[in-house]
Amino acid sequence: MHIRDWPSQERPREKLLVRGAGVLSDAELLAIFLGSGLRGRDAVTTARELLGAHGPLRALLEREPAELAELPGLGPARASRLAAALELCARYLAADLARGEAMTDPAAAGRYFAQRLRARAHEVFAVLFLDHRHRALAFEELFNGTVNSAEVHPREVVRRALAHNAAALIVGHNHPSGCREPSAADRAVTARLKQALALVDVRLLDHFVIGDGAPVSLAARGWV
């Protein structure tokens, strides 16, 4: 049965328009993007097969466009559109930073760190530098580690903060394993950074750990 023959309340597009995108499954969202399925299959079935063979969704979307183009149901045109859609998302999340508006929503910073770092195969430690009104000055990836660690040097973070004339900063790093729970080492680095930055009157506002799911804020846990 073609999707157009389904009951209207079960069709992905109609569900999205009536109830919002959040109610759709990963397969239904991907099906809307695909538009149509492989021969003899509807778009939802094709999306489910893609996710079953090459998923979950995060693993599928983190593939290079050339690799996506080789997957059944995608091809070069859809792979290009998918890569463009992901880049649009990244630029949307960065829009508030680019406009120079004050960072008033801590969750927005967490989403930005997640977009920049989640797909990395190795641990990356990054810093968002802010002025006295908490407007973004710069975003830098300062330290790269192995698959499960990155050595953080507080002195280098302080040096870069002074170079940007920053009054505050937010840091974040990813856990390639997908586990987003802060480790004892993460808490220790946070304490060292806060102490080092305080010596030059720069505030550490938060430290985000990026893994599967929503970013974890150490400030929200009371650890900053």
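The values are calculated or read from the model by the stated rules, or taken from the named source; none is laboratory data. None of the values given here were measured: they were computed from a predicted structure. Note: ideal-geometry Cβ built from the backbone for every residue, glycine included; neighbour counts use all protein chains shown. The protein model used for the area step is the full one, side chains on, heavy atoms only, and it has no ligands, DNA or RNA in it. Shrake-Rupley method; radii C 1.70, N 1.55, O 1.52, S 1.80 Å.
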Quiz prompt | Given (1) over 22 Å from the mean Cα position of the chain (by Cα); (2) modelled with pLDDT under 90; (3) not hydroxyl-bearing (Ser, Thr, Tyr), index of the condition residue 103 fails | solution = (1)
Practice problem: Output the qualifying pairs, or none if there are none: Cβ atoms under 7 angstrom, residues six or more apart or on different chains, first residue in the stretch 176-203 and over 18 Å from residue 124 (Cα atoms), second residue assigned to a loop (DSSP other than H, G, I, E, B) and not small (Gly, Ala, Ser). | Solution: 194/224
Practice problem: Filter the stretch 151-163 down to residues that are surrounded by fewer than 18 Cβ atoms within 10 Å (Cβ to Cβ) and either touching a Ser or Thr at 6+ places or on another chain (Cβ under 6 Å) or in a loop (DSSP other than H, G, I, E, B) (or both), then give me how many there are. | Solution: 2
Quiz item: Restricting the search to the stretch 165-175, which residues are buried (at least 17 other Cβ atoms within 10 Å of the Cβ) and over 21 Å from residue 209 (Cα atoms)?
Solution: 166, 167
Quiz item: Can you name the condition, by its number, that residue 138 falls short on among (1) under 19 Å from the mean Cα position of the chain (by Cα); (2) at pLDDT 95 or above?
Solution: (2)
Practice problem: State all residues of the stretch 22-45 that are open to solvent by 60 Å² or more (accessible area, probe 1.4 Å) and part of a helix (DSSP H, G or I); if no residue qualifies, say none. | Solution: 22, 23, 26, 29
Exercise. Kindly indicate the residue of the stretch 53-80 that is modelled with pLDDT under 90 and among the basic types (Lys, Arg) and also nearest to the chain's Cα centre (by Cα) among those meeting that condition.
Key: 58
Quiz prompt | In the stretch 54-77, residue surrounded by the fewest Cβ atoms within 10 Å (Cβ to Cβ) [restricted to those that are small (Gly, Ala, Ser) and without any contact (Cβ under 8 Å) to a residue 12 or more places away in the chain] | solution = 77
Exercise. Within the stretch 1-21, work out how many residues are part of a helix (DSSP H, G or I) and without any contact (Cβ under 8 Å) to a residue 40 or more places away in the chain.
Key: 14
Quiz item: Taking residue 178, is it open to solvent by less than 20 Å² (accessible area, probe 1.4 Å), on the phi > 0 side of the Ramachandran plot and either at pLDDT 95 or above or not in a strand (DSSP E or B) (or both)?
Solution: yes
Quiz item: If we keep just the residues of the stretch 189-213 that are open to solvent by 40 Å² or more (accessible area, probe 1.4 Å) and not aliphatic (A, V, I, L, M), which is nearest to residue 151 (Cα to Cα)?
Solution: 192
Practice problem: Kindly indicate whether residue 186 is open to solvent by 40 Å² or more (accessible area, probe 1.4 Å) and out of contact with any Ser or Thr (no Cβ under 6 Å at 6 or more places or on another chain). | Solution: no
Exercise. Tell me which residues, restricted to the stretch 78-93, are in contact (Cβ under 8 Å) with a residue 24 or more places away in the chain and open to solvent by less than 80 Å² (accessible area, probe 1.4 Å).
Key: 78, 82, 85, 86, 89, 90
Quiz item: Can you tell which of 111, 133 is modelled with pLDDT of 80 or more, charged (D, E, K, R) and in a loop (DSSP other than H, G, I, E, B)?
Solution: 133
